[in-house]
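Engineer: I have a structure I would like to understand better, so I am pasting it below and will then ask my questions one at a time.
The values are calculated or read from the model by the stated rules, or taken from the named source; none is laboratory data. Note that this is a predicted model, so its numbers are computed, not measured. Neighbour counts run over all protein chains shown; Cβ positions are idealised from the backbone, glycine included. Surface accessibility is based on the protein's heavy atoms, side chains included, excluding ligands, DNA and RNA. Shrake-Rupley method; radii C 1.70, N 1.55, O 1.52, S 1.80 Å.
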There are 4 protein chains.
Amino acid sequence: MVGEEPRAMRRRPTQDRSRATVERILDAGRSVLLERGFEGASTNRIAAAAGVGPGSLYQYFPDKEAILDRVVERAVDDLEARITRAFLGSLRAGDDAVRGHLEALLDALVAEADLVRVLSQDRPRTVGRRRVGFARRIDALVAGALLAEHPDAGDVPVDAVAWMLVRTVEHVTISWVLEAPDVGREAMLDELTALVGGYLRRRWG
Amino acid sequence: MVGEEPRAMRRRPTQDRSRATVERILDAGRSVLLERGFEGASTNRIAAAAGVGPGSLYQYFPDKEAILDRVVERAVDDLEARITRAFLGSLRAGDDAVRGHLEALLDALVAEADLVRVLSQDRPRTVGRRRVGFARRIDALVAGALLAEHPDAGDVPVDAVAWMLVRTVEHVTISWVLEAPDVGREAMLDELTALVGGYLRRRWG
Amino acid sequence: MVGEEPRAMRRRPTQDRSRATVERILDAGRSVLLERGFEGASTNRIAAAAGVGPGSLYQYFPDKEAILDRVVERAVDDLEARITRAFLGSLRAGDDAVRGHLEALLDALVAEADLVRVLSQDRPRTVGRRRVGFARRIDALVAGALLAEHPDAGDVPVDAVAWMLVRTVEHVTISWVLEAPDVGREAMLDELTALVGGYLRRRWG
Amino acid sequence: MVGEEPRAMRRRPTQDRSRATVERILDAGRSVLLERGFEGASTNRIAAAAGVGPGSLYQYFPDKEAILDRVVERAVDDLEARITRAFLGSLRAGDDAVRGHLEALLDALVAEADLVRVLSQDRPRTVGRRRVGFARRIDALVAGALLAEHPDAGDVPVDAVAWMLVRTVEHVTISWVLEAPDVGREAMLDELTALVGGYLRRRWG
DNA sequence: CATGAATGAGACTTCATTCAT
DNA sequence: TATGAATGAAGTCTCATTCAT
C-alpha cells in the first residue's frame, strides 16, 4: 500500500502484539475520557490505564492529539453503528413509523449518555472535526432513505431536508438526554414526532 | 473574624480606575477566548492582553474560572440581547412571520459567528452552566409568546412545544453557521420555516 | 532622645491618630497571628483586619518583619507580665511554696495557650531572637530571687542554677500545655515540684 | 478504575537510578533546609541543589510537604540513633553514671547543632508531628530503663517521671546548644547532673 | 520494541511592596 | 497622611515529550 501518513501513525502495527498494544491504548483512552473528560485525559494517565509506559504511546501515535482523535473517531463510529442499526429496515413515513425510529434513536443515545455528554461538552478545538463528519454521514443515510421513500422528489430539495432533519433530531434528543428537562420522555417523543411528521407531510404530503 | 474572602469578586470596584481595569480584563478575556479558545485562554495571556500584571486579575476575580465565567456570561448576555431584539413585536404565527423571525435570529448568530463557535465547541466542564441557563430563559420567552398567540391552549403542552422549538431552531441555525453546509441560506430558511410552520399548524391549526 | 532606629520605625507616631493606627495594626497583627499562624500572617491580611490600606503599614513599619517582630515583642511582654505576677511575693523555698509558684506559672501559660502554641511552633527565623530575650529576663528575675533567699551563695553558681531552673520549668510546663500528655495536671505538678525541690535542696539544703 | 494516585510516594523507586535520585533529592533537601531554613526550602531550590528538574521531585513525592516531612524524618532518625547510642549500656543510677549519659547526649546534640537549630526554630505547622513522636519514643525508652533499674516501682508514677526527665534534659541541653549562654559546659553538666540526680534520689532514694 | 526516569516550559496563584491620587 | 490599585517575582505543581537503557 502506498500513501502512508507519517503524522497519523508512526509505525503501522503489523505484528499482533503491536496491534494489541494499540488496542489497549485506545481502550484506555476511552475509559479515561469517559471518567475524567478531555481535561483529565493526560498521556500519563492513558499510558497508566493501558498498562504501558508513557514512551510507548509515541511508538504508535505522533502526539496526544492523534490518540484522542482516534479515540473519538472510534467512539463516534460506535455511536453511528448503534444509530444506524436503529434505522435498519428503511425510514418509513407515517407518524407511527417516525415515532418508532425516534424511540430507537433515543435509546441508542441514552445507552451511551456518558459518551454523548463528553463529546458534547468538553471537546477541545482539535477534536471538533469528527462530529461534523459523523453528522454528514447520517445526512447521506437519511437523504437516501427519503429518496427511496419518495422516488419522485419533484422540486423538494432532498439534501436540505435531510440536513435539517438530522440536525433537528440530533440536537433535540441530545438536549433531552443532557438537560433532563421537565418534559417527560413520552411528551418529548410526541412532540418530536409531530415536528418531524408535520414537516415531512408538508414536504411530500 | 479576620481575613474574610468573598468568592465571587475579591474587591468591588468602586473607583473609576478599578472599573476600567475590570473592563480591560474582561475585554481581553473575550479577545483571547475568541482568538485561542478556552484551551489557550491562560491567565498570563489574558493579563498580557489587558496590559496588566498577572496579579491584577486576582484583585477582582478569585480564580481563572471566575474570569471566564464572567466573560462567557457577558457574551451570552450580548447574544441574548441581540436575539431578543430579533423577536421584538411578538411572535406572530403564519409562515411569513415565522420566516421573518428566523431571518432575524440567523442574522444575530452570523454577526457573532466566532463567539458562537467558541461557545459551541470548546467550553470546559466548569463553564458549562451558562448555556443551559441561556436556553431556559429563551424557553420561557417563547412559551409566553405562544400563549399570547393562542390563549386557549386546549390540551397542547405549551412548555414542551416551546422547549422543542427552541432546541430545534437553536441548533439548526447554529449548525448552519458553523458547518457552512451545501445548503444555501435561502434554502435553509425555507426548510426551517416549513419545519416550524408545519409543527405549529399541526399543534394549533 | 537620641539613638533613633530608622529600621525599626519609619515615623515616630507623635500624633494621637498615628498612635491609634499603630495600635490597630498591632492588635490586628496579633489576631491574625493567633488565628492563622506565622504562615498566614500576610501584610494584606493584617491591613484588612486593622481596617487600613496595605500602604499604611509602611508609614509605620519598614517591612513585614518589623510588624511581626513588634507583635511578638508585645505578646511576649504580656506573657512575661503574667508570669512575673505569678511570682510576686518572692520565691520562697520549701516544696509547698515551690508548688504554689508552679501552679501560678502553669495557669498563666494555660490562659495563653494559643499564643504559646504559635510562638513555640511557627516562628520564622527572623523572629526568633525575642524568645531568648524573654527567657533571659526571667533568668535575672529568678537569680535575684535565689540570692534574696540564700544571701550566702557559698560556691553555688547562682546564675547557672537560675538558668537551669528557668529552662526546665519553662519547657516542662509548655510541653505539658502543648502535648496534652497522659500525665495529669496534679501528677505533673507533683513531679515538677519534686524535681525543682530536690534540686534546690541539693544545692542549698 | 483509572489513574490511582498513592499519597505517600508516587513511584516506588525500584530501579537504581530512581533510588539514587530520591537520595539526591533528600540530601539536597537537607542541605537547603540547614542553609536556608524552612522558609527558604522551596521546591525549585531543592531541585536545583539536587541537580534535577523541578518536575522530578513530583515523580517521587506528592507535594512539597512530603519532601520536607521525609527530610525531617530522616534527620530526626539520625539524631535519635545518635542519642540512643549515647544511652547504650542501660541507664544506670548514681551521679557519675548520670553525668556520663548527659555528656554523651550533649555531644550528640552539639554534633548536629545546625540541625537542632532548624528543627527547634523554624518548623512550619505542617511538619510538626515528627518531633513529638520522637520525644515519645524516648519517653518509652527511659521509662523502660527506670523500671529495669528499680523493679519495685512502689507508688512512683514511672511514666510521669520519664516524661518529666525527657522534657527537662531535652530542653536544657538544646537550650544550651542554641543559646550559648554564659554557663560553661562543665557548669551546665554539673547542674543538670544535680537536677536529675536529686530528682531520682528523691523518687527512689 | 518497551520502558520509565527525567525534563522544563508553562499553568495558576500569592504577596510584600510601591506610588499616583 | 492615607489609600488601594497595581505590580511582578517567585512559589507549587502538571504534563507532553524525549532518550538512555
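Engineer: Check the axis relating chain B to chain D and name the residue of B whose C-beta is nearest, distance in whole Å.
Structural biologist: B:ASN44, 9
Engineer: What FRET efficiency would be calculated for the residue pair C:ASP78, D:ARG85, taking the C-beta separation as r and a Förster radius of 41 Å, to the nearest 0.05?
Structural biologist: That pair, C:ASP78 with D:ARG85, gives E of 0.45.
Engineer: For peptide B:181-193, what's the mean number of Cβ atoms from other chains within 10 Å of each residue's Cβ?
Structural biologist: Counting other chains' Cβ atoms within 10 Å and averaging over B:181-193 gives 4.
Engineer: How much of the pair distance distribution for segment C:10-62 lies past 16 Å, counting alpha-carbon pairs only, in percent?
Structural biologist: Of all Cα-Cα pairs in segment C:10-62, 36 percent lie more than 16 Å apart.
Engineer: What's the magnitude of the charge dipole for the protein assembly as shown around its Cα centre, counting Lys and Arg as +1 and Asp and Glu as -1 at the beta-carbon? Answer in Debye, nearest 20.
Structural biologist: In total the dipole reaches around 1460 debye.
Engineer: Over the protein assembly as shown, with the other protein chains present, what is the accessible area per residue in square angstrom, probe 1.4 angstrom?
Structural biologist: I get 49 Å² per residue for the protein assembly as shown.
Engineer: Right, next: Mind listing the label-point distances from C:ARG185 to the same position on all other copies, shortest first, one decimal in nm, points 7 Å along Cα→Cβ?
Structural biologist: 4.3, 6.7, 8.6
Engineer: In addition: For segment C:16-112, calculate the relative contact order in percent as a whole number, restricting contacts to Cα pairs under 8 Å that are 6 or more residues apart.
Structural biologist: Relative contact order of segment C:16-112: 22 percent.
Engineer: Taking both sides together, what accessible area is buried at the B/A interface, probe 1.4 Å, expressed in Å² and rounded to the nearest 100?
Structural biologist: Answer for the B-A pair: about 3700 Å² buried.
Engineer: How large is ³J(HN,Hα), in whole Hz, for each residue of segment C:78-85 in order, when computed from phi with the Karplus curve 6.51 cos²θ - 1.76 cosθ + 1.60 and θ = phi - 60°, using x for Gly and Pro?
Structural biologist: The phi angles translate into 3, 4, 4, 4, 4, 5, 4, 4 Hz.
Engineer: Normalising by the residue count of segment C:10-62, find the relative contact order in percent from Cα pairs under 8 Å and 6+ residues apart.
Structural biologist: With pairs under 8 Å counted, the relative contact order is 43 percent.
Engineer: Continuing with this model, one more query. Let's test the formula: R0 of 30 Å, r as the Cβ-Cβ distance of B:ARG137 and A:ARG137. What FRET efficiency results, to the nearest 0.05?
Structural biologist: 0.30
Engineer: What nm value, rounded to one decimal, do you get for the distance between A:GLU103 and D:ALA111 when each label is placed 7 Å out toward the C-beta?
Structural biologist: 8.5 nm
Engineer: Another question, then. Under 8 Å for C-alpha pairs, at least 6 residues apart: give me the relative contact order for chain C, rounded to a whole percent.
Structural biologist: Relative CO of chain C lands at 21 percent.
Engineer: Ok, one more. What does the charge dipole of chain A about its Cα centre add up to, to the nearest 20 debye, if the Cβ of each Lys and Arg holds +1 and the Cβ of each Asp and Glu holds -1?
Structural biologist: Its charge dipole is roughly 940 debye.
Engineer: More than 14 angstrom separation, counting every C-alpha pair in segment C:133-205; what % is that?
Structural biologist: Of the Cα pairs, 64 percent sit more than 14 Å apart.
Engineer: How big is the Kirkwood radius of chain C, worked out from every pair of different alpha carbons and given in Å to one decimal?
Structural biologist: So the Kirkwood estimate lands at 19.0 Å.
Engineer: For D:ASP77, go 7 angstrom from Cα along the Cα-to-Cβ vector, then report the distances to that same point in the other copies in nm, smallest first.
Structural biologist: Its label point is 4.7, 5.2, 5.9 nm from the equivalent points in the other copies.
Engineer: Averaged across A:112-123, how many Cβ atoms of other chains sit within 10 Å of each residue's Cβ atom?
Structural biologist: Counting other chains' Cβ atoms within 10 Å and averaging over A:112-123 gives 2.
Engineer: By a straight-distance test (C-alpha under 15 Å), which aspartates and glutamates pair with C:LYS64 as possible cross-link partners, with residues fewer than eight away in the same chain excluded?
Structural biologist: The reachable aspartates and glutamates, counting only those whose Cα sits under 15 Å from C:LYS64, are C:ASP27, C:GLU39, C:GLU73, D:GLU39.
Engineer: Over all directions, how big on average is the projection of the convex hull of the alpha-carbon atoms in the protein assembly as shown, in square nanometres?
Structural biologist: One quarter of the hull surface, i.e. the mean projection, equals 51.5 nm².
Engineer: Another one. If you take the Cα Rg of segment A:34-117 and divide it by 2.2 N^0.38 Å, with N the number of residues, what do you get?
Structural biologist: Working it through for segment A:34-117, the quotient is 1.50.
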